[in-house]
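I have placed the structure first, in the form of structure tokens, so that the comments after it can refer back to it.
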Amino acid sequence: MRLLTFSRGREAERLGAALGAWDAWETIVDLHALDRRLPSDMLTFLDSAGTLSGGAWRRATAAVRRAERAVARSRPAYAHDPARVRLHAPLRPRLLRDFIAFRGHIARTRAARGDRVPPEWDRVPAYYNGNALNLLGPGEPVPFPTFATFEGGTWNQTASQKLDYELEIGYVVGPTASPARGPPSLFGVTVFNDFSMRDLQSLAGRVGMGPAAGKDWANALGPCVVTRDEFGALRDQRVAVRVNGVQRLAGRFRTLVTRNPLIEAGQRTAWSFEELGTFLAASQAVHAGEVWGSGTIPGGCEFEKGDAAAYLVPGDVVELEVEGIGILTNPIARTS
């Protein structure tokens, strides 16, 4: 299923399912209106059907099959034209973590600074906790960021000069396989744009407390969550980045991750979702409804380009595309 959160007019947000091709939705159905036993929000649905099994999951899949047959004949009240609804972030994560799981990305960012991949990357899948409150959905404008620095005894406001996009896979976490603590299941995937102020990130990073300053002010998810049975494995899906309609990245996921002149034969190229779960579950409980960013797909940001980077400016429109999921579009707000 392709699950999403939508609203109409001033109505409350609803849990929906998209019918049609991944890149050409024909209909959005309101799952709760279709079957009143189904919840009306994503997190509640995930809690009851996150393993893609059980009564709620069976009811949902049966309801979607009924809807597909019905909309082929008529337009039921629970079915909506995708062009006439507003999409929101598909879920509000209980916790947002962002990994740096692709060697090609960290190799390029370090090479741009004349450095190499630290050996510790091969020992642990590093991550930071993001801010699930500053979350944007499809089409929502990204506030053009400013940050404050304390210099000469006063606070100075500075507009970021290095606003970056980051193309990532958002892993939507399902329940653990058993009631006891253990590695979680994968419920589904979405597109994750980890917007970053690279100038503030670099400045704060020298203090040694990680990258969160400059990384926690805006994140975007969408346009939907594709359940793992529908999406399959991450292999040869096409991915792309466009800014104002101009292509900045296009390629196949596996090619971008594994074929990189900075990666030597025999080196690990990526940490899988299962490995991320094993790492986390060794030290803490993991909760259904978390979202984990995979880290930037190699080539999926400007920071990797060093001095040749073309950072975002007010008025730009960023599109991140992952075949099988969809296109996540966000404009950069114009300053007043």
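The values are calculated or read from the model by the stated rules, or taken from the named source; none is laboratory data. It should be emphasised that the depicted structure is a prediction, and the values quoted were computed from it without experimental measurement. Counting neighbours? That spans all protein chains shown, and the Cβs are built from the backbone with ideal geometry, glycine included.
Brief remarks on what is shown
- Here R254 does not fit the description of being touching a strand residue (DSSP E or B) at 6+ places or on another chain (Cβ under 9 Å) and surrounded by fewer than 16 Cβ atoms within 10 Å (Cβ to Cβ).
- Members of segment 6-39 that are in a strand (DSSP E or B), out of contact with any strand residue (DSSP E or B) (no Cβ under 7 Å at 6 or more places or on another chain) and more than 19 Å from L221 (Cα to Cα): A21
- F195, sole failed condition from (1) of a type in the set (F, W, Y); (2) farther than 28 Å from V317 by Cα; (3) in contact (Cβ under 8 Å) with a residue 40 or more places away in the chain: (2)
- Single residue of Q247, Q201, Q237 found to be modelled with pLDDT of 95 or more and either over 17 Å from the mean Cα position of the chain (by Cα) or hydroxyl-bearing (S, T, Y) (or both): Q247
- Exactly one residue out of T158, T154 is modelled with pLDDT under 95 and either of a type in the set (A, V, I, L, M) or over 27 Å from P90 (Cα atoms) (or both): that is T158.
Okay, residues lined up against (1) touching a residue at least 60 places away in the same chain (Cβ under 8 Å); (2) more than 21 Å from E302 (Cα to Cα); (3) not in a loop (DSSP other than H, G, I, E, B):
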{"site": "A107", "(1), (2), (3)": "yes, no, yes"}
{"site": "D115", "(1), (2), (3)": "no, no, no"}
{"site": "F144", "(1), (2), (3)": "yes, no, no"}
{"site": "F150", "(1), (2), (3)": "no, yes, yes"}
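- Taking (1) under 26 Å from E319 (Cβ atoms); (2) surrounded by fewer than 24 Cβ atoms within 10 Å (Cβ to Cβ); (3) touching a strand residue (DSSP E or B) at 6+ places or on another chain (Cβ under 8 Å) in turn, T176 satisfies each apart from (1).
- Residue ID - surrounded by the fewest Cβ atoms within 10 Å (Cβ to Cβ), chosen from residues in segment 2-23 that are acidic (D, E) and touching a residue at least 40 places away in the same chain (Cβ under 8 Å): D23
- Each residue in segment 40-60 was checked for being more than 24 Å from the chain's Cα centre (by Cα) and either aromatic (F, W, Y) or surrounded by 15 or more Cβ atoms within 10 Å (Cβ to Cβ) (or both), and 2 of them qualify.
- Summed over segment 79-98, the residues that are within 14 Å of the chain's Cα centre (by Cα), surrounded by 15 or more Cβ atoms within 10 Å (Cβ to Cβ), among the aliphatic types (A, V, I, L, M) and not in a strand (DSSP E or B) give a count of 2.
- Of the residues A288, A220, A250, the single one that is assigned by TED's automatic domain parsing to the domain that holds D164 and in a loop (DSSP other than H, G, I, E, B) is A288.
- Among (1) assigned to a helix (DSSP H, G or I); (2) within 17 Å of I169 (Cβ to Cβ); (3) not aromatic (F, W, Y) - the single one L328 does not satisfy: (1)
- Among the candidates S196, S160, the residue that is touching a strand residue (DSSP E or B) at 6+ places or on another chain (Cβ under 7 Å), crowded, with 22+ Cβ neighbours inside 10 Å and not acidic (D, E) is uniquely S196.
- Flag for E26 being in contact (Cβ under 8 Å) with a residue 24 or more places away in the chain, charged (D, E, K, R) and touching a Gly at 6+ places or on another chain (Cβ under 6 Å): yes
- Residue check, E168 under 28 Å from F253 (Cβ atoms) and either surrounded by 22 or more Cβ atoms within 10 Å (Cβ to Cβ) or among the aliphatic types (A, V, I, L, M) (or both): yes
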